[in-house]
1. Does region 182-199 hold any residues that are surrounded by fewer than 16 Cβ atoms within 10 Å (Cβ to Cβ), among the aliphatic types (A, V, I, L, M) and either in contact with a Leu (Cβ under 7 Å, 6 or more places away or on another chain) or not in a loop (DSSP other than H, G, I, E, B) (or both), and which are they?
2. With 238, 245 as the choices, which residue is in a helix (DSSP H, G or I), touching a residue at least 60 places away in the same chain (Cβ under 8 Å) and farther than 29 Å from residue 34 by Cα?
3. For region 215-235, indicate whether the set of residues that are out of contact with any Gly (no Cβ under 9 Å at 6 or more places or on another chain), more than 21 Å from residue 38 (Cα to Cα), within 16 Å of ligand 2 (Cβ to nearest atom) and not hydroxyl-bearing (Ser, Thr, Tyr) is non-empty.
4. Mind listing whichever residues of region 191-232 are among the polar types (S, T, N, Q) and at pLDDT 90 or above?
5. Identify all residues within region 32-89 that are part of a helix (DSSP H, G or I), touching a residue at least 60 places away in the same chain (Cβ under 8 Å) and of a type in the set (Lys, Arg); write none if there are none.
6. How about region 166-181: which of its residues are in contact with a Leu (Cβ under 6 Å, 6 or more places away or on another chain) and away from ligand 1 (no atom under 16 Å from the Cβ)?
7. Does residue 172 fit the bill of being in a helix (DSSP H, G or I) and within 20 Å of the chain's Cα centre (by Cα)?
8. Report yes if residue 151 is at pLDDT 90 or above and at negative phi, otherwise no.
Amino acid sequence: MDDRNTTVATAAGPAIGGERADPRPRPPVEEVGDVALADLFAEPGCPLCRLRERSARRFVGSFLWESVTDVDFRERLARGRGFCPEHGGLVLAIDTAAEGTPVGSAILLESILRLRLADLEDRGRRAPRPRRGRRAGDPGAVDCPVCEQVDVAVAGASARILDLLRLPAWRATLAAAEPCIPDLESLDRLASARRTAAWAEVAAAQRARLVAVADRLAGLVAHSAHDRRHLRTRSEVAAVGEAAALLGFRASTDG
Ligand SMILES: [Zn+2]
Ligand SMILES: [Zn+2]
């Protein structure tokens with residue numbers, strides 16, 4: 001399955017109102033894995049969010065087709081008590097799209113449901129305790145195996161990206177990239193921990209990008225009074241969607 005064609009637009013996807021359709025210059029690759037890494041920067045939007053989405057789809061696809069009955073995978077799923085809300089939804093969506101009736105999901109859901117039922121029964125037998133800490137149904141109570149895979153992929157990619165910053169073309173790619181703020185912060189922390197000197201140049205370009213978005217938001221606000229609305233630009237209006245994507249907001253289906 002080519003996940004590039006089935007990528008769901010997320011908040012970190014192409015910025016709302018973004019008009020760029022430029023094929024970006026591909027930075028040089030040194031290792032086989034760098035090809036997929038460079039590919040993350042080929043389109044607008046956050047490259048690490050794109051990696052999260054691609055690696056989650058790849059992993060979910062692999063266990064749906066190959067290891068729904070695999071003992072190690074089933075044990076991992078049981079230990080974690082299921083999937084997080086996002087990845088549980090992804091499992092169902094991928095399985096339903098491919099199979100119509102999601103039988104692989106049914107196998108996994110049955111085992112999770114029986115475990116959670118057993119947990120509930122255990123709790124029922126114990127004396128009531130004050131409601132503290134984890135609650136049943138709290139997504140925090142789940143240790144999702146897809147999140148674990150995705151975190152490993154993002155950690156590996158982040159470390160490799162910082163290694164590649166010794167090459168000017170990669171510094172230019174990173175400077176022109178559009179990471180969301182949470183991912184920018186995590187790259188920034190990693191660069192400090194690893195003392196990646198080349199990060200300073202990227203960080204300066206990224207700060208300038210964020211300032212430009214904030215300035216366009218300020219422009220929109222300044223041009224919101226009735227008598228000034230004619231001064232409003234498309235770029236100022238587009239800044240709202242861009243800022244929301246930068247902050248990792250997700251489009252709501254409500255409204
Ligand atoms: Zn991101
Ligand atoms: Zn998850």
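1. Within region 182-199, 193 is the sole residue that qualifies.
2. Result: 238 is the single residue among 238, 245 that is in a helix (DSSP H, G or I), touching a residue at least 60 places away in the same chain (Cβ under 8 Å) and farther than 29 Å from residue 34 by Cα.
3. No, region 215-235 contains no residue that is out of contact with any Gly (no Cβ under 9 Å at 6 or more places or on another chain), more than 21 Å from residue 38 (Cα to Cα), within 16 Å of ligand 2 (Cβ to nearest atom) and not hydroxyl-bearing (Ser, Thr, Tyr).
4. 192, 196, 206
5. Passing the criteria: 52, 76, 79.
6. 170, 171
7. Criteria not met by residue 172.
8. yes
The values are calculated or read from the model by the stated rules, or taken from the named source; none is laboratory data. Please read all numbers here as calculations on a predicted model, not as lab measurements. Note that we place each Cβ from the backbone using ideal geometry, even for glycine, and neighbour counts take in every protein chain shown.
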